[in-house]
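Chemist: Encoded as structure tokens, here's the structure I'll be asking about.
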Amino acid sequence: MYRRGLFRKRNEAMSKVLVVDDDAAVRDLVRQALEEASHTVVTAGSLSDGIRAAQGSSFEAVLLDIRLPDGSGIGAMPRFHRLASQPAIIIMTAYGGRADLEKAFSQGAFDFLVKPVAIADLVGVVDRALANRALRQAFGTKVLDRPSDHGLVGTSPPMRKVLEQLELAAPSPASVLIVGETGTGKGVLARAIHARSPRHCRPFVTVDCAALPESLVEGILFGHERGAFTSADRARPGLVQQADGGTLFLDEVGELPLSLQKTFLRVLQERNVLPLGGKQEIPVDFRLIAASNRNLADMTAMGAFRSDLFFRLRTIEIRMPALREHREDIRDLVRYHAARLCKRYGMPDKAFSPAFFTALEHHEWPGNVRELVHLLEQVLTMNYGINTVDDHDLPTQIRVSARLEALAKVVPRGDGMPVAVPAPGSSEAFPRFQDARSAMERQYLEELLRAAAGSRKKACQLSGLSRTRIFELLRKHDLLGHDARSL
């Protein structure tokens with residue numbers, strides 16, 4: 001399966017490496033090769049054993065199989081990333097497919113090796129992963145020590161990648177394309193790139209392409225001379241001219257009218273603008289950053305976006321992750337934005353209960369960080385004089401989502417008490433769907449009764465159910481108590 005190789009023994013141990021693979025022969029070969037390369041190696045034959053080993057010791061790298069007896073190696077990657085040592089992770093599997101590759105790399109894997117692997121190649125990948133980890137930690141310390149400089153908060157693998165790309169992109173004059181869902185912080189990242197660039201003392205000009213009226217867009221972008229049209233009583237510079245010497249940020253560039261894209265491409269190439277009604281082109285010097293929540297590659301394929309402009313925009317491409325992809329950053333985000341909001345509104349600093357964070361971590365956050373910040377603003381202002389904010393201070397829909405997420409893992413026993421859903425691979429019987437749904441229904445109704453506080457109208461509004469249907473469900477779950485009868 002592997003080619004054996006000879007390695008010169010180094011003078012001292014390099015790093016500690018964890019190998020998680022269910023094949024004993026593979027574990028032994030990898031262990032021997034890495035020990036010959038002066039690494040200290042610990043092996044595990046299952047995911048649970050690997051996680052226990054990682055929690056009990058500090059590793060610089062983890063070699064992780066995908067198909068393990070008790071779970072998926074890729075699925076467990078976030079657990080390894082959360083370790084204090086933040087090890088580099090290398091996937092090593094005999095079953096490599098496109099879906100696994102994409103998932104592994106999106107989760108922050110350093111490399112993806114498909115067995116059989118030459119021992120020399122394996123050791124080389126481990127050495128490169130360790131060197132890369134050292135550089136990442138150096139960059140991460142430099143960036144993360146100053147979150148207030150840029151407002152990009154997080155220590156998760158997706159956010160660390162963004163922060164590293166920020167450090168690399170900022171000093172470059174190259175165009176940057178920032179992609180990601182609405183509310184992920186694309187504009188914050190654009191400002192951070194400008195603030196860390198050599199142009200930081202010059203203007204940062206934002207163009208909201210989604211808000212540009214098509215009939216006026218050329219004048220807004222490129223300016224106009226006096227008399228260019230009826231109401232043009234004096235010359236006005238366009239937004240491109242205003243960005244001279246600084247940074248031009250095209251927000252939602254996918255909304256730029258197709259008719260204007262050719263003109264803008266020429267401006268990018270020649271760095272000259274011709275105002276409406278003008279006869280002389282004006283030289284401009286700006287660094288371009290663009291952002292889009294749409295898939296520009298798909299738009300290009302459909303002819304809705306010019307391919308030449310697309311490739312010109314994406315010299316450097318940075319993807320902002322959705323909040324649901326880095327939930328482990330929610331606590332840091334809450335603390336950072338809460339401190340900022342408390343200062344703005346003149347409130348004392350707030351503390352947050354563990355239940356408050358748990359509820360937020362179970363929400364899907366379709367509006368991403370922007371939705372989280374708006375929710376915080378609402379909660380903090382509604383609890384102005386309260387020192388500690390609890391989950392009971394959150395909107396009902398957030399609390400219900402959190403509780404349903406937790407209840408998805410329990411089912412009722414014969415005596416009515418909940419039991420945990422067995423883990424994959426367990427010998428316990430898996431619960432019936434109807435039992436699990438019944439448990440979640442009952443919990444939802446209990447939350448609804450508390451939230452409605454005896455108001456029939458409020459119960460119907462919150463649940464979207466009719467009064468008749470609510471009573472049917474309450475009767476089914478034997479919840480027609482005092483609170484229900486008052487509805």
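The values are calculated or read from the model by the stated rules, or taken from the named source; none is laboratory data. What you are looking at is a predicted structure, and each value in this text was computed from that prediction instead of being measured. Neighbour counts run over all protein chains shown; Cβ positions are idealised from the backbone, glycine included. For the accessible areas, the whole protein counts, side chains as well, though only heavy atoms, and no ligand, DNA or RNA atoms are used. Shrake-Rupley method; radii C 1.70, N 1.55, O 1.52, S 1.80 Å.
Chemist: Could you provide, to the nearest whole Å², the per residue accessible area of the range 297-392 with probe 1.4 Å?
Modeler: Value returned for the range 297-392: 51 Å² of accessible area per residue.
Chemist: Considering the dipole of the range 262-387 built from charges on the beta carbon (Lys and Arg +1, Asp and Glu -1) around the Cα centre, which of 284, 365, 354 is farthest to its positive end?
Modeler: Comparing the listed Cα positions along the dipole, 284 ranks first.
Chemist: Which entries of 16/115; 350/457; 186/457; 186/458; 103/186; 16/161 show an alpha-carbon separation above 30 angstrom in the structure shown?
Modeler: In this structure, 350/457; 186/457; 186/458 lie more than 30 Å apart at Cα.
Chemist: A further question on this structure: Quick check: net charge around residue 177, other residues with Cβ under 11 Å of its Cβ, Lys/Arg +1 and Asp/Glu -1?
Modeler: +3
Chemist: Which percent of the accessible heavy-atom area of the range 230-269 goes to carbon and sulfur, probe 1.4 angstrom?
Modeler: On the way: 760 of 1710 Å².
Here carbon and sulfur together make up 44 percent of the probe-accessible area.
Chemist: With a 1.4 Å probe and every protein chain kept in, tell me what percent of the accessible surface of the range 164-219 is carbon plus sulfur. Present the calculation step by step, with values, prior to reporting the outcome.
Modeler: Details: 1410 of 2470 Å².
In the range 164-219, the share of accessible area belonging to carbon and sulfur is 57 percent.
Chemist: Let me ask another. Per residue, how large is the accessible surface of the range 172-292? Use a 1.4 angstrom probe and give square angstrom. Walk me through the numbers before you get to the answer.
Modeler: Values: 5480 Å² over 121 residues.
Here the residues of the range 172-292 average 45 Å² of exposed surface.
Chemist: Something else: I want the local charge near residue 476. Using Cβ-Cβ distances under 10 Å, sum +1 for each Lys or Arg and -1 for each Asp or Glu among the other residues.
Modeler: -1
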